[in-house]
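Derivation of every value follows stated rules applied to the coordinates shown; laboratory data play no part. No experiment lies behind these values; they were computed from the predicted model shown. We place every Cβ from the backbone using ideal geometry, glycine too, and count neighbours over all the protein chains shown.
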Amino acid sequence: MKVIHLAAIAALVLLSPSTQAQTTLVAQAVNPCAPINPGAAANPCAGVNPCAGVNPCAGANPCAGVKADAATSVGGPLAEALHGKPVVVDIYAEWCPACRNIAPTVSQLQETYDGDVHFVVLDVTDRATTAEAEAIAAELGLSEFFEANKAQTGSLTIVEPETGTILAQYRNNANFADYQSVLDVALAR
């Protein structure tokens, strides 16, 4: 109710030409974003939205190209069948926009590293595929990782299978070179 009331007051104040100077003065006094947004002082909505005109997420995707710092291990060594080659774990869902964004990069990685890298796709599209993905994760030694990351669709994680060490983890990052640099170093070992 308070926001609606403030919006109504702002509309009434704007309709009155004699209060134009007061409106600007009120906006300057109330708007904490005015120092970082010089145009905010003249913004008639400044009293309603304290940061009107400021979008901290404008521009590039703030998550792309950022390695996750939270985990350094998937919980232990992966299944013996995966040893000897780096493992790329893809948390995927059909409905995921980030998954569609990185799909060409995943295809390029699969073509480039065919036979040299293991690719594991854990599909969380719906309950049935999530249950299948959970079973696959358990079989491959990725249960702890899957439980912690199944909501992180559009993420690719590169794992050293003998130790379970996470070499890199990206979400919604379609930059092939980021993955290539990590995989090339892992394959050179």
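Which of the residues spanning the range 175-184 are of a type outside the set (Phe, Trp, Tyr) and either in contact with a Cys (Cβ under 8 Å, 6 or more places away or on another chain) or surrounded by fewer than 21 Cβ atoms within 10 Å (Cβ to Cβ) (or both)? First the steps, then the outcome.
Initial filter on the range 175-184 (of a type outside the set (Phe, Trp, Tyr)): 175, 177-178, 180-184.
The answer is Asn175, Ala177, Asp178, Gln180, Ser181, Val182, Asp184.
Report yes if some residue within the range 137-153 is among the hydroxyl-bearing types (Ser, Thr, Tyr), more than 20 Å from Glu111 (Cβ to Cβ) and part of a strand (DSSP E or B); otherwise report no.
Here is the first cut: in the range 137-153, the residues among the hydroxyl-bearing types (Ser, Thr, Tyr) are 143, 153.
Filter again for more than 20 Å from Glu111 (Cβ to Cβ), leaving 143, 153.
Those left that are additionally part of a strand (DSSP E or B): none.
No, there is no match, as no residue in the range 137-153 is among the hydroxyl-bearing types (Ser, Thr, Tyr), more than 20 Å from Glu111 (Cβ to Cβ) and part of a strand (DSSP E or B).
Among what's in the range 101-120 and is surrounded by 13 or more Cβ atoms within 10 Å (Cβ to Cβ) and under 18 Å from the mean Cα position of the chain (by Cα), pick the residue that is nearest to Tyr170 (Cα to Cα).
Going through the qualifying residues, I end up with Ile102.
Out of all the residues in the range 133-164, which are closer than 17 Å to Leu82 by Cβ, surrounded by fewer than 17 Cβ atoms within 10 Å (Cβ to Cβ) and within 21 Å of the chain's Cα centre (by Cα)?
Glu144
Which numbered condition trips up Glu111, out of (1) closer than 18 Å to Glu94 by Cβ; (2) without any contact (Cβ under 8 Å) to a residue 40 or more places away in the chain?
With respect to (1) closer than 18 Å to Glu94 by Cβ; (2) without any contact (Cβ under 8 Å) to a residue 40 or more places away in the chain, Glu111 is out only on (1).
Taking the condition of being in a helix (DSSP H, G or I) and more than 15 Å from Gly154 (Cβ to Cβ), how many residues in the range 108-132 meet it? Steps first, please.
Step one: filter the range 108-132 for residues in a helix (DSSP H, G or I), giving 108-112, 127-132.
Narrowing further to those that are more than 15 Å from Gly154 (Cβ to Cβ): 108, 110-112, 127-132.
Looking only at that region, the number is 10.
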